[in-house]
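The values are calculated or read from the model by the stated rules, or taken from the named source; none is laboratory data. These figures come from a predicted structure and were not determined experimentally. For neighbour counting, all protein chains shown are included, and Cβ atoms are generated from backbone atoms with ideal geometry for every residue, glycine included.
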Amino acid sequence: MTTYCDIAPGHEWHGPYHDEEYGFPLTGETALFERLVLEIMQAGLNWELILKRRAGMADAFAGYDVDRIAAFGPGDEARLREDARIIRNRLKITAIIENARRIQAIRESHGSFSGWLETHHPLDKPAWVKLFKKTFKFTGGEIVGEFLMSAGYLPGAHDESCPVFAQIAALNPPWMRRGA
């Protein structure tokens, strides 16, 4: 079976993401929210398209600043639906705005998005999916699984034979701390 570790290295778009970001543990709210946004936008599409539109999405979504996005109103939604730099899916756009508001609520109860993730860690993928579906909008099994793998909360981002796997293991990502 061909894996991301087989196809990504050396690729113009996938290579840098595979080598420097995918599976590395994330803790900052902006980085975590960006990854959630990218995974939501990717649903039904290919990852290369998302990587190519990443800079435009960062600009359109206020640098993934949760508070700024949470304040978006109908005019911002209309602007985003017309912005060719992003995926102009109305359901995805409204979910991202609502999810920013939900992260604000998570701050009240858990201090931060990463605090919320740590509070619920470790869970298996089905339990994570159930929790995300209860907490956020537009988060099914594939989105949740990829988000958690890409942020270091579930294993599987890299093959053990991939050189990046050792770099990530040295950072002791949450999925490796399951027994702790």
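Per-residue answers, yes or no, for (1) under 19 Å from residue 27 (Cβ atoms); (2) in contact with a Pro (Cβ under 6 Å, 6 or more places away or on another chain); (3) modelled with pLDDT under 95:
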{"residue": "97", "(1), (2), (3)": "no, no, no"}
{"residue": "103", "(1), (2), (3)": "yes, no, no"}
{"residue": "139", "(1), (2), (3)": "no, no, no"}
{"residue": "152", "(1), (2), (3)": "yes, yes, no"}
{"residue": "161", "(1), (2), (3)": "no, no, no"}
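Which of the residues that make up the range 150-164 are touching a helix residue (DSSP H, G or I) at 6+ places or on another chain (Cβ under 8 Å) and not charged (D, E, K, R)? Within the range 150-164, 150, 151, 152, 153, 154, 155, 156, 157, 158, 161, 162, 164 qualify. Here the range 121-155 is the region considered, the condition is being assigned to a loop (DSSP other than H, G, I, E, B) and aliphatic (A, V, I, L, M), and the residue that is surrounded by the fewest Cβ atoms within 10 Å (Cβ to Cβ) is 123.
In the range 64-112, counting only helices (runs of 4 or more DSSP H) that sit wholly within it, the ones holding 2 or more residues that are touching a residue at least 40 places away in the same chain (Cβ under 8 Å) and touching a Lys or Arg at 6+ places or on another chain (Cβ under 9 Å) span 90-110. Taken over the range 32-59, the residue count meeting the criterion of being surrounded by fewer than 17 Cβ atoms within 10 Å (Cβ to Cβ) and either outside any loop (DSSP other than H, G, I, E, B) or in contact (Cβ under 8 Å) with a residue 12 or more places away in the chain (or both) is 7. When you scan the range 67-89, do you find a residue that is touching a Ser or Thr at 6+ places or on another chain (Cβ under 6 Å) and either among the small types (Gly, Ala, Ser) or at pLDDT 95 or above (or both), even just one? No - not one qualifying residue is present in the range 67-89. Consider residue 18 carefully, then state whether it is in contact with an Asp or Glu (Cβ under 7 Å, 6 or more places away or on another chain) and buried (at least 16 other Cβ atoms within 10 Å of the Cβ). So residue 18 does not fit the description; no.
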